[in-house]
Amino acid sequence: MKLLEKIRVLDLTNVLSGPFATMHLALLGAEVIKIENPDGGDLARKLGNVNPLNKQLMGTSFLAQNANKKSLTLNLKFEEGKEIFRKLLKTADVVVENFRPGVMGKLGFSYEKICAINPKIVYCAISGFGQTGPDAFKPAYDQIIQGLSGVMAVNGDERLNPLRAGFPVCDTVGGLNAAFAIMAALFHRERSGEGQFIDIAMLDSIMPLMGWVAANLLIGNQQPVLMGNDNFTAAPSGSFRTQDGYVNIAANQQKQWEDLADALGVPELKTDSRFQERDTRKANRKQLTPLLEEKLLQQPTANWVDVLNDKGIPTGDIYGLEKALLQPQSEHRQVIATVKEPGIGDIKLFNLTAKFSKTPAQIDAPPPRLSAHTGEILKGLGYKEEDISALREKGAI
């Protein structure tokens, strides 16, 4: 049995934050019905770097987070579409949407209206700023939230700042927060029988990830210091030059620092007043780094990874994305799965990365073609073939 077997999720989300949330529910075994506009569906279907796939409405951006889902096309501006949705609501456990606040209400499906149809529903609304507040109705993309959250302000160094994270971190974290909240609400419903409304804001979701940096400001009254690849909590801890590139070293504990000094052949630095204690090392890191790099430059990165890890000093190469995705540890952990999509062939997608001993999760089906399951789902609601044909002809599906 799968963890979320027999849980039905109505997924009205688009692009990234919402689909990322519902993908996790789908991988855990929920039946996720992706409800899409008949005119092109999810915008992500047209996004990606492979133009022929975009034209098939199977862009790489869509493929990345829609495995294990079903696709139903439904136009909620038609009364017939609304009626289908009402019938689906009676069978559903969860509704997820990432429209601007108020859009579902204008369609006639506010949380209150949905509760009247199914009081046990868990309704999750994901937006940039949340459902309330002075900025609630502003449009938001990941880039905007990265700027407003402080993320861009704490990245980079004095040469390059502000600096955007290299992937849509606010969208994905918002999706993870939503998936976590939905699971918690389902657990509460098991105990109480009550559904509830969940309000997820991307801006809210990203801020706690900066907890240590924010705590230094909120509690310690210390503004963030731009440190590039250095770790603000310790020194030496960051990226260092080697003979053939760079290496990450995190000597965060006193013993690790002392072992590092011995391994690099500079034991005298252990008793140097500038570097002897943790806080003085942090204050003098710009003087310490060139002294360490003078030794690190004598050998390639691979040598230092082996030598320093053997001494218990956390050390690692800095991989390009392709090498990172294909590294043996990731293959062993089955981080990426291969699934066959009939019109495309084999495609590689991320698995659920949580490993459950009793309810393992995996990709069972490729991301769906637009409207691939419309007939199946409507027949399950009691519609006959002639009814479906009429709805399709009218444009309601």
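The values are calculated or read from the model by the stated rules, or taken from the named source; none is laboratory data. Predicted model, so just to flag it, every value in this text is computed and none were measured. Glycine also receives a Cβ, built like all others from the backbone with ideal geometry; neighbour counts cover every protein chain displayed.
Has segment 89-99 got any residue that is farther than 27 Å from Ala136 by Cα, buried (at least 18 other Cβ atoms within 10 Å of the Cβ) and in contact with a helix residue (DSSP H, G or I) (Cβ under 7 Å, 6 or more places away or on another chain)?
no
Just to check your reading of the model, which residue among Phe78, Phe109 is more than 11 Å from Ile33 (Cβ to Cβ), surrounded by fewer than 19 Cβ atoms within 10 Å (Cβ to Cβ) and of a type in the set (Phe, Trp, Tyr)? Quick ask: steps written out before the conclusion?
On the way: Phe109 fails: surrounded by fewer than 19 Cβ atoms within 10 Å (Cβ to Cβ).
Unique residue meeting the criteria: Phe78.
What are the pairs with Cβ atoms under 7 angstrom where one residue, in segment 84-95, is free of Cβ contacts under 8 Å to residues at least 40 places away in the same chain and the other, located anywhere, is among the hydrophobic types (A, V, I, L, M, F, W, C)? Sequence gap at least six, or different chains.
The qualifying pairs are Arg86/Ile117; Lys90/Ile117.
Would you say Asn54 is assigned to a loop (DSSP other than H, G, I, E, B) and within 23 Å of the chain's Cα centre (by Cα)?
no
Which count do you get for residues in segment 242-281 that are not in a helix (DSSP H, G or I) and not basic (Lys, Arg)?
20
Within segment 228-238, is there a residue that is surrounded by 14 or more Cβ atoms within 10 Å (Cβ to Cβ), at positive phi and either more than 30 Å from the chain's Cα centre (by Cα) or modelled with pLDDT under 95 (or both)?
Yes; the residues of segment 228-238 include at least one that is surrounded by 14 or more Cβ atoms within 10 Å (Cβ to Cβ), at positive phi and either more than 30 Å from the chain's Cα centre (by Cα) or modelled with pLDDT under 95 (or both).
To keep it simple, each residue is scored yes or no on (1) of a type in the set (Ser, Thr, Tyr); (2) touching a Ser or Thr at 6+ places or on another chain (Cβ under 9 Å); (3) within 30 Å of Ala116 (Cα to Cα); (4) not in a strand (DSSP E or B).
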site: Gly174; (1), (2), (3), (4): no, yes, yes, yes
site: Gly211; (1), (2), (3), (4): no, no, no, yes
site: Asn216; (1), (2), (3), (4): no, no, no, yes
site: Thr233; (1), (2), (3), (4): yes, no, no, yes
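I'd like to check something: does segment 361-368 contain any residue that is assigned by TED's automatic domain parsing to the domain that holds Met23, at pLDDT below 95, of a type outside the set (S, T, N, Q) and out of contact with any Leu (no Cβ under 7 Å at 6 or more places or on another chain)?
yes
Are any of the residues in segment 194-205 over 23 Å from Val103 (Cα atoms), among the hydrophobic types (A, V, I, L, M, F, W, C) and in contact with a strand residue (DSSP E or B) (Cβ under 8 Å, 6 or more places away or on another chain)? Break it down into steps so the answer makes sense when it comes.
In the first step, residues of segment 194-205 are kept if they are over 23 Å from Val103 (Cα atoms); the result is 194.
Filter once more, so that each one left must be among the hydrophobic types (A, V, I, L, M, F, W, C): none.
No, every residue in segment 194-205 fails to be over 23 Å from Val103 (Cα atoms), among the hydrophobic types (A, V, I, L, M, F, W, C) and in contact with a strand residue (DSSP E or B) (Cβ under 8 Å, 6 or more places away or on another chain).
Here's the yes/no breakdown for (1) small (Gly, Ala, Ser); (2) modelled with pLDDT of 95 or more; (3) farther than 18 Å from Gly395 by Cα:
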| residue | (1), (2), (3) |
| --- | --- |
| Leu25 | no, yes, yes |
| Gly29 | yes, yes, yes |
| Val32 | no, yes, yes |
| Asn37 | no, yes, no |
| Gly41 | yes, yes, no |
| Leu63 | no, yes, yes |
| Ala67 | yes, yes, yes |
| Asn75 | no, yes, no |
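Scan segment 348-393 for residues that are in a loop (DSSP other than H, G, I, E, B) and more than 31 Å from the chain's Cα centre (by Cα) and jot them down.
Within segment 348-393, the subset in a loop (DSSP other than H, G, I, E, B) is 351-373, 381-384.
If the condition is that a residue be in a loop (DSSP other than H, G, I, E, B) and more than 31 Å from the chain's Cα centre (by Cα), then Leu381, Gly382, Tyr383, Lys384 are the ones that fit.
Looking at (1) farther than 30 Å from Arg100 by Cα; (2) of a type outside the set (Val, Ile, Thr); (3) assigned to a helix (DSSP H, G or I), find the lone condition where Gln223 falls short.
Gln223 satisfies every listed condition except (3).
Can you tell me which residues in segment 91-116 are more than 18 Å from Leu186 (Cα to Cα) and among the hydrophobic types (A, V, I, L, M, F, W, C)?
Once the filter is applied, which keeps residues that are more than 18 Å from Leu186 (Cα to Cα) and among the hydrophobic types (A, V, I, L, M, F, W, C), segment 91-116 yields Phe99, Val103, Met104, Leu107, Phe109, Ala116.
Consider only pairs whose beta carbons are under 6 Å apart and that are at least six residues apart or on different chains; among these, list those whose first residue lies in segment 20-47 and is assigned to a helix (DSSP H, G or I) and whose second residue is of a type in the set (D, E, K, R).
Short answer, once both residue conditions are applied: Thr22/Asp11; Ala26/Lys69.
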